[in-house]
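Below is one structure; the comments refer to it alone.
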Amino acid sequence: QPLKISKECSQYTGQTPSFCTITESNLAAIPAGTKILYYGPVTGSPLFGSSTAVIAVGNGDTAVGYCVTYDTASPMQGTCAFHAGSGTLAGFQAVVKVTVDDKQIYHWDGGYLLGTDKAAK
């Protein structure tokens, strides 16, 4: 399934955890307002980010993955891969390309599986 998420990171500090907030999502299980928490190990480097990421919808509805971003690339680029979820995100798997626009809104574009969906071979 296609996955498109936009997030803003005005409250991201580089501390552990830091977070961004989803502003738009095409997946109802991950609504606007959801926090994405970043736990490192590299969250404060000006060159790149390398971090465990947790999509925290609330009430035990979470997804866990890993993001790597090349922040000084022109344009900035990165990838996040999610491999586990709980609650409404049980069975969540996703791989997304990370980009940022000129308004500093980050975009995740990729695909996902949720629940008992089977990967196409």
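The values are calculated or read from the model by the stated rules, or taken from the named source; none is laboratory data. Just so it is clear, the model here is predicted, and its values are computed rather than measured. For neighbour counting, all protein chains shown are included, and Cβ atoms are generated from backbone atoms with ideal geometry for every residue, glycine included. Side chains are part of the model used for accessible areas, which takes the heavy atoms of the whole protein and leaves out ligands, DNA and RNA. Shrake-Rupley method; radii C 1.70, N 1.55, O 1.52, S 1.80 Å.
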(request) Scan segment 48-60 for residues that are surrounded by fewer than 18 Cβ atoms within 10 Å (Cβ to Cβ), out of contact with any strand residue (DSSP E or B) (no Cβ under 6 Å at 6 or more places or on another chain) and modelled with pLDDT of 95 or more and report the count. (result) 0
(message) Every residue in segment 5-20 that is open to solvent by 20 Å² or more (accessible area, probe 1.4 Å) and either small (Gly, Ala, Ser) or touching a strand residue (DSSP E or B) at 6+ places or on another chain (Cβ under 6 Å) (or both), please.
(response) Glu8, Cys9, Ser10, Tyr12, Thr16, Pro17, Phe19
(message) Looking at Thr88, Thr23, can you tell me which residue is open to solvent by 40 Å² or more (accessible area, probe 1.4 Å) and under 19 Å from Asp109 (Cβ atoms)?
(response) Thr23
(request) Go through segment 64-96 and count every residue that is farther than 16 Å from Leu37 by Cα and not aliphatic (A, V, I, L, M). (result) 12
(request) Any chance you could count how many residues in segment 87-103 are farther than 19 Å from Cys67 by Cα and of a type in the set (S, T, N, Q)? (result) 1
(request) Looking for whichever is without any contact (Cβ under 8 Å) to a residue 24 or more places away in the chain, surrounded by 12 or more Cβ atoms within 10 Å (Cβ to Cβ) and assigned to a strand (DSSP E or B) here; the options are Ala63, Ala81. Which one fits? (result) Ala81
(message) What's the total number of residues in segment 17-50 that are among the small types (Gly, Ala, Ser) and either in contact with a helix residue (DSSP H, G or I) (Cβ under 7 Å, 6 or more places away or on another chain) or in a strand (DSSP E or B) (or both)?
(response) 6
